[in-house]
Amino acid sequence: MAQIGPVYVPQNAQPPETIPAIPVASVALVRPAYAGFWLRAFAFAVDTFILSFFFAIIASAYPTQLIIFPDPKTQTLFEFPRLTFPGFLLLFVVMWAYYAIFETSSWQATPGKRLFRLYVTDLAGGKITFRRSSIRYFGRKISEITFLVGYIIAGFTEKKQALHDILAGCLVLRRR
């Protein structure tokens with residue numbers, strides 16, 4: 001390696017052995033702020049409202065194909081409209097796309113989660129993949145058919161993970 005010009009060494013420079021070493025900065029480990037049960041429940045309620053509104057718009061275009069309405073002559077107080085099989089499939093796919101697309105976006109959150117400053121990560125704190133988000137969504141269905149036990153366990157796990165978070169290897173964190 002060639003030297004371009006003369007090197008100037010000041011007269012008051014200390015010899016290398018007396019130059020103090022740069023101290024290694026101690027890195028304080030910041031514990032992530034795990035999202036609690038109630039914040040997640042409120043975010044879920046917002047997302048459910050958004051999805052219901054979106055589905056209502058679609059269903060209003062094809063009401064008889066997507067919804068079974070009770071007979072007004074024999075309807076009791078406890079009868080509500082039900083989904084047809086195509087309506088159920090459409091809602092299932094729309095919900096899957098909604099959660100998977102938003103959770104894998106730069107937001108890392110659905111609009112409901114974003115409203116409450118929550119976001120979804122993998123266990124290392126990175127952005128989740130579409131596959132992982134899909135596993136999380138289908139795990140959510142398992143939580144629903146077990147009378148919401150899968151959701152309730154979030155209140156009792158160290159990292160506040162629900163069943164679907166554990167299955168997918170995800171965390172829901174709070175932005176500080």
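The values are calculated or read from the model by the stated rules, or taken from the named source; none is laboratory data. This structure is a prediction, so every number in the text was calculated from the model and none was measured. Every residue, glycine among them, receives a Cβ derived from its backbone with ideal geometry; neighbour counts consider all protein chains shown. To get the accessible areas, we keep the full protein, side chains included, count just its heavy atoms, and leave off ligands, DNA and RNA. Shrake-Rupley method; radii C 1.70, N 1.55, O 1.52, S 1.80 Å.
What the table shows:
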| quantity | calculated |
| --- | --- |
| Residue ID - farthest from residue 99 (Cα to Cα), chosen from residues in the stretch 135-170 that are touching a Phe, Trp or Tyr at 6+ places or on another chain (Cβ under 7 Å) and surrounded by 14 or more Cβ atoms within 10 Å (Cβ to Cβ) | 159 |
| Condition met for residue 86 (surrounded by fewer than 18 Cβ atoms within 10 Å (Cβ to Cβ) and more than 17 Å from residue 49 (Cα to Cα)) | yes |
| Single condition residue 160 does not satisfy, out of (1) assigned to a loop (DSSP other than H, G, I, E, B); (2) more than 16 Å from residue 41 (Cα to Cα) | (2) |
| The listed residue being of a type in the set (Lys, Arg), touching a residue at least 60 places away in the same chain (Cβ under 8 Å), open to solvent by 30 Å² or more (accessible area, probe 1.4 Å) and at negative phi, out of 176, 132 | 176 |
| Qualifying residues in the stretch 35-69 (those that are more than 30 Å from residue 174 (Cβ to Cβ), in contact (Cβ under 8 Å) with a residue 12 or more places away in the chain and not in a helix (DSSP H, G or I)) - the one least open to solvent (accessible area, probe 1.4 Å) | 67 |
| Residue in the stretch 108-117 that is closer than 18 Å to residue 44 by Cα, among the hydroxyl-bearing types (Ser, Thr, Tyr), part of a loop (DSSP other than H, G, I, E, B) and open to solvent by less than 30 Å² (accessible area, probe 1.4 Å) present | yes |
